[in-house]
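Participant: I'd like to ask some things about the structure below.
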């Protein structure tokens, strides 16, 4: 079967040099060729849209600057499901290597420990098919839905997925990228988690029942029930020995951030 022309768009703003070099090296090793578009120094969504407009491919892959394909076959596997006309988009697993994870302080490791479960296939690996960081789309579909909404400042991937689901299913392609985002420190990570929760609240208010996993999103923002979800998501199989420390440090902090971030976003005036 003829392989469609693929364009990979990488929105870039002050990338971490070592990570970006790894990314470029892995793209050179992919089993199929692709047009690489580096879209520099614009706000993230505007950068993605600029790349889409410039691209020549039938298939658009958006790959963020801190996401490095795990294997040489990543691109081939990522676009394969799009041969099915009933599928509108595909996504990748987000992986956090143990080597990277162990570079952080204990508290920071505990705050992001759930990301470790995505790497181990024997654990409850979570597949975020609507995550915009390493996904593939048909260019014509993106054009017809108006590309990525630049007016949505929080969770543009959720907004895009709602539009695309009218055209077909969104699936995980079963391939991964190492998400090598520099967490910097505990304060930085908590602010990021708060921002995600705030965006989640805005999306629930804006889209309501059209969102994926609406019940889970709401439970996460409720006292006690949200805490139970945090405990349920802990990767016990591999890190059971860290659970007591997690219970009295990271879990309460994450719960607090989830509650206040969500409701701040939910009740704030939409921009």
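Participant: At what distance in nm do the modelled label points of residue 248 and residue 58 sit from each other, each positioned 7 Å from its Cα along Cα→Cβ?
Facilitator: Once both label points are built, they end up 6.0 nm from each other.
Participant: Among 136, 151, 50, determine the one that fluctuates most according to a GNM of the chain built with springs between C-alpha atoms less than 10 Å apart.
Facilitator: Of the options given, 151 has the highest mean-square fluctuation.
Participant: Another question, then. Could you work out which residue, out of 226, 91, 146, moves most in a Gaussian network model of the chain, that is, has the largest mean-square fluctuation with Cα springs under 10 Å?
Facilitator: Highest fluctuation among the options: 146.
Participant: Also: Determine the relative contact order of the range 1-120: mean sequence separation of Cα pairs under 8 Å and six or more apart, normalised by residue count, in whole percent.
Facilitator: For the range 1-120, the relative contact order is 29 percent.
Participant: Using 0.36 nm times the number of residues separating residue 98 and residue 5, minus their current alpha carbon distance, what extension gain do you get?
Facilitator: Roughly 30.0 nm would be gained on extension.
Participant: Order of 259, 10 from fewest to most other C-beta atoms within 10 Å?
Facilitator: 259, 10
Participant: In nm, what is the difference between 0.36 nm times the number of residues separating residue 13 and residue 150 and their Cα-Cα distance?
Facilitator: Additional length available on full extension: 47.6 nm.
Participant: A further question follows. In deg cm²/dmol and to the nearest 500, what is the mean residue ellipticity at 222 nm of the chain if only DSSP H runs of at least 4 residues count, each as -39500 (n - 2.57), divided by the residue total?
Facilitator: -12500 deg cm²/dmol
Participant: Which of 236, 224, 262, 154 comes first, and how do the rest follow, when ranked by fewest Cβ neighbours within 10 Å?
Facilitator: The order, fewest Cβ neighbours first, is 224, 236, 154, 262.
Participant: Separate question: Sorted from fewest to most neighbouring beta carbons within 10 Å, what does the list 209, 90, 189, 249 look like?
Facilitator: Lowest to highest Cβ neighbour count: 209, 249, 189, 90.
Participant: Mind pulling the angle between the C-alpha long axis of helix 17-28 and the longest principal axis of the chain? Nearest 10 degrees, somewhere in 0 to 90.
Facilitator: So the inclination is approximately 40 degrees.
Participant: Using only Cα atoms, locate the centre of the range 195-267 and the centre of the range 57-93, then give the distance between them in Å, rounded to an integer.
Facilitator: 28
Participant: What residues from the range 2-35 fall in the zone where the backbone N is under 17 Å from a label point 7 Å along the Cα-to-C-beta line of residue 191?
Facilitator: Label zone hits: 14.
Participant: Another question, if that's okay. Quick one: among 170, 79, 231, which has the greatest mean-square fluctuation in a GNM of the chain with alpha-carbon springs under 10 angstrom?
Facilitator: Top of the fluctuation ranking is 231.
Bear in mind these aren't lab numbers, they're just calculated from the coordinates by the rules spelled out. Note that the coordinates shown come from a computational prediction; the quantities given were computed from them, not determined experimentally. All Cβ positions, even for glycine, are placed from backbone atoms using ideal geometry, and neighbour counts span all protein chains on display.
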